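The values are calculated or read from the model by the stated rules, or taken from the named source; none is laboratory data. Values in this document were obtained by computation on a predicted structure and should not be read as measured data. All Cβ positions, glycine included, derive from the backbone under ideal geometry; neighbour counts span all protein chains shown.
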Amino acid sequence: MDTRFAISQYPDAKALNDELNALIKKPIYSIAPEALKAYEDEYYGKKCQKSKAMIEEAKSVIPGGVQHNLAFNYPFPLVFTKAEGAKLYDIDGNEYYDLLQAGGPTVLGSNDPVVREAVIDLLNTCGPSTGLFHEYEYKLGKKIADSVPSVDMFRMLGSGTEACMCAVRVARLATKKKNILKMGGAYHGWSDQLAWGMRVPGTKNLQSRGVPMFVFKHTQEFFPGDLEDLEKKLWLNKFNGGTAGVFIEPIGPESATRPVSEEFVKGVETLCRKYGALLICDEVVSGFRIGMAGAQGYYGIDPDLTIFGKVIAGGYPGAGGVAGHRDVMKHLGAGLDSSGKKVKKAMCGGTMAATPISSIAGYTAICEIEKRNACQVAGQRADQLVKGINESIARYNLPFVCYNIGSVCHLHTVATMQYAIDWGKLWQVPKILDETGLRQKEMEHMGAAYMAEGIVTLAGSRLYTSAAYTPEMIDDVIGRFDKVLSQCEKLEIVKKK
Ligand SMILES: Cc1ncc(COP(=O)(O)O)c(C=O)c1O
């Protein structure tokens, strides 16, 4: 087992949450309106005209002009035509540093040539899909099982969302219990049952338009980092069908947007054992990014089920899978187990699940990640980046909070997701939703400024580094962030009556 991890030093989760809680009580600081106007006029108005025209045309057939949630950038989405290592290029020929990393999958950097060549070879022989077994399905499964100690078996699916859906069914079959607990604010894909308490803890179904309330009969949330709250809910569930599984993103909900401590993660495991619930680790982001053994390897926990996504298809389509202990995974296999007894199977699959192309891309990418020590290298680049950004934050006396867990970095300027909804104080809900809306808008403005300085971020607040970055590139990126941060000020927000 490869024991190298991206995390050089685990951040103090309590101190960070205190800082984030303080940030949402402060006035909003963001890019100064005149600086934003200059970016709009000089950059977007003059240098992004082809993107603007294409998005305008696309709006006639694509709702909003783009298909991917992360591509909705202010003032309008840009159109990208080339990706290479740490760089992206748009249709107008502008060059950018890529800190979005396709939303996480490309730990090696974008469009890695070794992975690409393996895929091209496969396309020349087998093509992208056959609907039949391919040797790389086995090779990928074996590589994942060899890398992650809790994994005996692996079943590939089409996405992280599908894998989470599948894990819910397997957990119920394996435990014969009903309820699913998740951390408030966490994202486990967009399936009906898990669209509960998304983004902001306590939101229940507020972000689940189109999903009927009865779907959530057996889905519950507990407050991130709060073991007492989790235990209370596990205990109550004993009288209400039991808890089949506890979903956690081990580095914290929304990829550590709200960080959690190592003790908390280990505490969740202990409580799952005590109440007979499966521990389900969603490592869609952290798998093969925090280390070859995932975040679970770093914390030293042994989840019953692990959800993989993103990296396991090396940046190619069809990135998802459920993995875990043999006695649980048997519910995803053929009708008879080795003892000859009938085993109840969870119905899951997909025409494009486990295609040769996703399997070979994932296998090659994971082997290359190990060979190049990519998780640790990307983590070191993130350490350097966060140090540089924090120096700028101090230089301009801004209230912003910047930290990283390995190669997952957060630059909170408004901390929208640090809010929580308390249903005992229902009158506060409209005010919170109003405030998060305002802050969200400022986060988009920050994202627009970073983009105009040649840095692509995830929604203006999350930054993934990859092993394609050199220390010199990171220095350049820090200089660009510094320029944006030097133009930030306290905003006079005029709220609509
Ligand atoms: C933690 C986590 N779980 C699940 C998902 C869903 O994965 P996918 O987008 O492949 O459906 C995501 C996607 O970002 C995620 O971050």
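Does segment 170-182 hold any residues that are of a type outside the set (A, V, I, L, M) and either on the phi > 0 side of the Ramachandran plot or more than 16 Å from the ligand (Cβ to nearest atom) (or both), and which are they?
Arg172, Thr175, Lys176, Lys177, Lys178, Asn179
Please state which of the following conditions Asp90 fails to meet, knowing it meets all the rest: (1) in the same structural domain as Met451 (by TED's automatic domain parsing); (2) more than 19 Å from the chain's Cα centre (by Cα); (3) buried (at least 23 other Cβ atoms within 10 Å of the Cβ).
Unmet for Asp90, out of (1) in the same structural domain as Met451 (by TED's automatic domain parsing); (2) more than 19 Å from the chain's Cα centre (by Cα); (3) buried (at least 23 other Cβ atoms within 10 Å of the Cβ): (3).
Only one of these conditions is not met by Gly189: (1) away from the ligand (no atom under 16 Å from the Cβ); (2) farther than 17 Å from Ala361 by Cβ. Which number is it?
(1)
In the list Thr81, Thr125, which residue meets the criterion of being free of Cβ contacts under 8 Å to residues at least 12 places away in the same chain and closer than 25 Å to Val477 by Cβ?
Selected residue: Thr81, the only one of Thr81, Thr125 that is free of Cβ contacts under 8 Å to residues at least 12 places away in the same chain and closer than 25 Å to Val477 by Cβ.
Under 29 Å from Leu70 (Cβ atoms) and out of contact with any Lys or Arg (no Cβ under 8 Å at 6 or more places or on another chain): which single residue out of Lys143, Lys177, Lys139 fits that description?
The match here is Lys143.
Can you name the residue in segment 269-281 that is of a type outside the set (Val, Ile, Thr) and either under 12 Å from Pro250 (Cβ atoms) or touching a Pro at 6+ places or on another chain (Cβ under 6 Å) (or both) and, of all such residues, is farthest from the ligand (Cβ to nearest atom)?
Glu269
Looking at Leu463 and the list (1) out of contact with any Leu (no Cβ under 6 Å at 6 or more places or on another chain); (2) not in a helix (DSSP H, G or I), which single condition is not satisfied?
All conditions are met except number (1).
Give me a count of the residues in segment 256-285 that are touching a His at 6+ places or on another chain (Cβ under 7 Å) and assigned to a loop (DSSP other than H, G, I, E, B).
1
Can you list residue pairs whose Cβ atoms sit under 9 Å apart, with the first residue in segment 237-249 being touching a residue at least 12 places away in the same chain (Cβ under 8 Å) and the second being within 16 Å of the ligand (Cβ to nearest atom) and acidic (Asp, Glu)? Count only pairs 6 or more apart in sequence or on different chains.
Cβ pairs passing all conditions: Phe247/Asp282; Ile248/Asp282; Glu249/Asp282; Glu249/Glu283.
Provide a single number: the residues in segment 227-247 that are touching a Lys or Arg at 6+ places or on another chain (Cβ under 7 Å) and surrounded by fewer than 17 Cβ atoms within 10 Å (Cβ to Cβ).
Total satisfying the criteria: 1.
Considering only segment 206-224, I want to know if a residue exists there that is in contact with a helix residue (DSSP H, G or I) (Cβ under 9 Å, 6 or more places away or on another chain) and without any contact (Cβ under 8 Å) to a residue 40 or more places away in the chain.
Yes, because at least one residue in segment 206-224 is in contact with a helix residue (DSSP H, G or I) (Cβ under 9 Å, 6 or more places away or on another chain) and without any contact (Cβ under 8 Å) to a residue 40 or more places away in the chain.
Residue by residue, here is whether (1) touching a helix residue (DSSP H, G or I) at 6+ places or on another chain (Cβ under 6 Å); (2) surrounded by fewer than 15 Cβ atoms within 10 Å (Cβ to Cβ); (3) under 16 Å from Ala319 (Cα atoms) holds:
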{"site": "Lys143", "(1), (2), (3)": "yes, no, yes"}
{"site": "Val151", "(1), (2), (3)": "yes, no, no"}
{"site": "Gly160", "(1), (2), (3)": "no, no, yes"}
{"site": "Cys164", "(1), (2), (3)": "no, no, yes"}
{"site": "Arg172", "(1), (2), (3)": "no, no, no"}
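Within segment 301-406, which strands (runs of 3 or more DSSP E) (wholly inside it) include 2 or more residues that are in the same structural domain as Arg273 (by TED's automatic domain parsing)? First the steps, then the outcome.
Numbers: elements: 305-309, 320-324, 401-405.
Fully inside segment 301-406 and qualifying: 305-309, 320-324.
Please determine, by comparing only the residues of segment 257-268 that are within 15 Å of the ligand (Cβ to nearest atom) and of a type outside the set (Val, Ile, Thr), which one is nearest to Met417 (Cα to Cα).
Per the stated criteria, the residue is Arg258.
Taking only segment 282-311 into account, find how many residues are under 30 Å from Arg116 (Cβ atoms) and more than 10 Å from the ligand (Cβ to nearest atom).
Residues in segment 282-311 being under 30 Å from Arg116 (Cβ atoms) and more than 10 Å from the ligand (Cβ to nearest atom): 13 in total.
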